[in-house]
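First comes the structure, then the notes that go with it.
The values are calculated or read from the model by the stated rules, or taken from the named source; none is laboratory data. Everything quoted here is computed from the prediction, not taken from an experiment. Every residue, glycine among them, receives a Cβ derived from its backbone with ideal geometry; neighbour counts consider all protein chains shown.
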Amino acid sequence: METHATDVIDAAESSHQGGVEHHEVIVIGAGVCGIYALHRLREIGVDVKVLEAGGDVGGTWYWNRYPGCRFDSESYSYGYAFSTELLADWHWTERFSPQPETLRYLEHVVDRFDLRRDMRFDSRVESAHWDEVAGLWRLHLVDGADMTCELLLPAIGLLSAPTLPRYEGLDDFNGLSFHTYQWPHEPVDLSDKRVAVVGTGATGVQIIGAIAAHVGSLHVFQRRPNWCAPLHNGPISDAEMDDIRSRYDEILERCAETPGGFIHGPDSRSYHDVAPGDRYAFWEELYTQPGFGIWLANFREVLMEEEANAEFSAFVADKIRQRVNDPTIAEKLIPTDHGFGVQRVPLETNYYEAYNHEHVHLVDISEAPIERIVPEGIRTSDATYEFDVIIYATGFDAITGAFDRMDIRGRDGVALRDVWDTGPRTYLGVQVVGFPNLIMLAGPQGASVSTNFPRAIETSVEWASDLISHMRSNGYHRIECTDESQDAWVREVEDLYGMVLLRNARSWFTGYNSNVDGHDIKRHMIYNGGAPRYRKRVATVAANGYDGFVLS
Ligand code: NAP
């Protein structure tokens, strides 16, 4: 059914009179993406409100407060690019900014552009239902509030639905325990404590490296090891920062041309054309360089062909052997079920060296699985370990989890979580058939998932704000993608998976999560075509009058 502008306005005004707050646009989430969306939409005169579940701004950087938490993007490639003044007045102090500094940066942006007045905190959205007659989204918040909007823009993060393991007895533990995402805001003193870390993904690896030298004892419960590589963090001096400021145009241009939106792009040579000795010299150099170069500036074939991947994996395995004193432990830390880079590579500081401390122990739960949590600690099939603190670094119901946790219903009351039961289906990662006026800013199958996040969300936020301008100037009040366009996009996403080895991985790139029902099947979660191709694609769609969407 077609909805007319007057219906929308009447519905909006009458619902407002009924005590329901109405906005033209509601953005869900005040993290990196929601902050920019608010700024951009306000600039084009849209009435917009941001709803945030947390107590303040920051999203990921508000929640994740664990020791060692920092990003793996070069700091200066992570800041917003939309304001030259902002670029000029911020001094990153470390090559890879730690969480407190990143949070301060986001708070600074919010204050500098006076964004807080249009944000509502402690406002978790429980449900969002599309009202086809009124042409509105009707939102219900956990605190009881009801709101309506014409356009709903989730900016709810990729890794914002933390998952605890499903062990019995989680609540029986007498000590302190929490998921890394819910790290307490007050300081946690781990010194002299008997600490357990469950999970060895990017989060676990950061924590272990950061706390190993400062705790009484540390037991790491590892189910599968990951391929990790050195971060090589360091301070940024005033002089270096001055130089970075003078080169922002060049840096951002570089990020715009690489598939991942980082300063690192694949080596232009073919692995096959480089003699083995030269390959090793190149890999030695990559191993000593900061950041994701080792993953993203490598030969393309390392991520696409088994032979190249196996050779590089063997190179990294030797590095692990050199860094870990106990050969048995070293072998346990070397993945055997997947090659380097087909899962997200954790970058680490002193991770492997942590296992050289006498008081740090690796517990291989692939051999002796955890049976349950007990009041004194963790019981595996062959021992009971006693702890003061258990840290669950057990990951997330990634990308779609935050959508699934809200009751989002589109046309005819159909639930998004049912539509995505066996995996997401989208058009451009932006929309889903049956969910009019829902514009995902960092949705599954979009480019934000596999790229340097701020660079990617610039594309989606700017594209969405151009779309909203287009709708306003043409008097459109409704947008929905077609079945055909969605089917074609899903096929394209699936085909791209076929080209990269990560298709075989059991990681959040393929929707795997042993702690969530149904997430043992492979899902096509991310767009593997790279940011430049994605940007070109969505720009063409816009230039062709929003091809694949029906506007009315
Ligand atoms: P993750 O990569 O999914 O790792 C979760 C870990 O917990 C894995 O080792 C997993 O083992 C283990 N695990 C899960 N359930 C378990 C269970 N029931 N029993 C035992 N072990 C269990 O999660 P993450 O480390 O939080 O990282 C997620 C993503 O966040 C990263 O890939 C990255 O994109 C992002 N992140 C970024 C940064 C950064 O920018 N530097 C830092 C941290 C995180 P299996 O492998 O066997 O499943």
Report summary line: Exactly one of Val8, Val20, Val32, Val48 is more than 16 Å from the chain's Cα centre (by Cα), modelled with pLDDT of 95 or more and buried (at least 19 other Cβ atoms within 10 Å of the Cβ), and that one is Val48
Query raised in the report: Which of the residues that make up the stretch 199-243 are surrounded by fewer than 19 Cβ atoms within 10 Å (Cβ to Cβ), assigned to a helix (DSSP H, G or I) and touching a residue at least 60 places away in the same chain (Cβ under 8 Å)?
Result: Ala213, Asp238, Met241
Query raised in the report: Could we say that Leu252 is more than 30 Å from Glu331 (Cβ to Cβ), away from the ligand (no atom under 15 Å from the Cβ) and surrounded by 16 or more Cβ atoms within 10 Å (Cβ to Cβ) here?
Result: yes
Query raised in the report: Considering only residues of the stretch 511-545 that are surrounded by 18 or more Cβ atoms within 10 Å (Cβ to Cβ) and assigned to a helix (DSSP H, G or I), which is nearest to the ligand (Cβ to nearest atom)?
Result: Ala531
Report task. State whether one or more residues within the stretch 381-388 are among the acidic types (Asp, Glu), in a loop (DSSP other than H, G, I, E, B), crowded, with 17+ Cβ neighbours inside 10 Å and more than 15 Å from the ligand (Cβ to nearest atom). Result -> yes
Query raised in the report: Tell me, which residue of the stretch 55-88 that is away from the ligand (no atom under 16 Å from the Cβ) and under 17 Å from the mean Cα position of the chain (by Cα) is nearest to Met471 (Cα to Cα)?
Result: Tyr80
Query raised in the report: Among the helices (runs of 4 or more DSSP H) contained in the stretch 274-335, which hold 1 or more residues that are over 22 Å from Gly234 (Cβ atoms)?
Result: 276-288, 301-304, 306-323, 327-332
Report task. Could you list all residues from the stretch 475-510 that are within 16 Å of the ligand (Cβ to nearest atom), crowded, with 19+ Cβ neighbours inside 10 Å and either part of a helix (DSSP H, G or I) or free of Cβ contacts under 8 Å to residues at least 40 places away in the same chain (or both)? Result -> Leu502, Trp508, Phe509, Thr510
Query - Residue identified as near the ligand (Cβ under 8 Å from one of its atoms), surrounded by fewer than 24 Cβ atoms within 10 Å (Cβ to Cβ) and over 20 Å from Trp508 (Cα atoms) among Tyr167, Tyr181 - result: Tyr167
